[in-house]
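Colleague: Structure incoming, see below.
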Amino acid sequence: MRDNGDDLLRWLAKRQIARICVVSPHLDDACFSLATFLRWKALPPRTVVTVFTEARIDSDDRHTRAMGFNDPLQEFAARREEDRVAMQMLGVSMLHAGAEVD
């Protein structure tokens, strides 16, 4: 069985799909789950929209502290920048929707 993506490209062309939008719930989910797919240059332009990209100062900070950040705002600022760089490396556009985590 061959797996070079020809079937997928034909499927997209038949449906005249000119852009792919991946909706990701959290920062880094798309990169970790779909990196090979997202970086495939034969596909139409790809965009990743990440939903939960913000925190409040009063968000649960247990993970924040465990990761060495001072507060949730600092953690999420660093994670958004990390996500931006990862998407740039994959060659895809991205949008942070700005929904807040608890």
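The values are calculated or read from the model by the stated rules, or taken from the named source; none is laboratory data. Model, not experiment: these values are computed from the prediction. Here the Cβ positions follow ideal geometry from the backbone for every residue, glycine too, while neighbour counts run over all protein chains shown. For accessibility, only protein heavy atoms count, side chains too; no ligands or nucleic acids. Shrake-Rupley method; radii C 1.70, N 1.55, O 1.52, S 1.80 Å.
Colleague: Give the range 1-20 a look and list any residue that's touching a Lys or Arg at 6+ places or on another chain (Cβ under 8 Å) and not aliphatic (A, V, I, L, M), or say none. Write out each step before concluding.
Modeller: Our first condition is that a residue be touching a Lys or Arg at 6+ places or on another chain (Cβ under 8 Å); within the range 1-20, this holds for 19-20.
Hit for the range 1-20 is R19, nothing else.
Colleague: Residue check, T64 against (1) polar (S, T, N, Q); (2) open to solvent by 60 Å² or more (accessible area, probe 1.4 Å); (3) touching a Pro at 6+ places or on another chain (Cβ under 8 Å), all met but one. Which one?
Modeller: Condition not satisfied by T64: (2).
Colleague: Now, a different point. Which residues, taken from the range 1-53, are touching a residue at least 24 places away in the same chain (Cβ under 8 Å) and acidic (D, E)?
Modeller: Of everything in the range 1-53, just one residue is touching a residue at least 24 places away in the same chain (Cβ under 8 Å) and acidic (D, E), namely D28.
Colleague: Of the residues L90, L12, L34, which is open to solvent by 50 Å² or more (accessible area, probe 1.4 Å) and either of a type in the set (G, A, S) or out of contact with any His (no Cβ under 9 Å at 6 or more places or on another chain) (or both)?
Modeller: Answer to the selection: L34.
Colleague: On to the next question. As an exercise: evaluate I57 against (1) closer than 20 Å to D102 by Cα; (2) among the hydrophobic types (A, V, I, L, M, F, W, C); (3) at pLDDT 95 or above and give the number of the one condition it does not meet.
Modeller: Here I57 clears every test but (3).
Colleague: Find the residue count for the range 24-53, including only residues that are under 8 Å from the mean Cα position of the chain (by Cα) and aliphatic (A, V, I, L, M).
Modeller: So the count comes out to 4.
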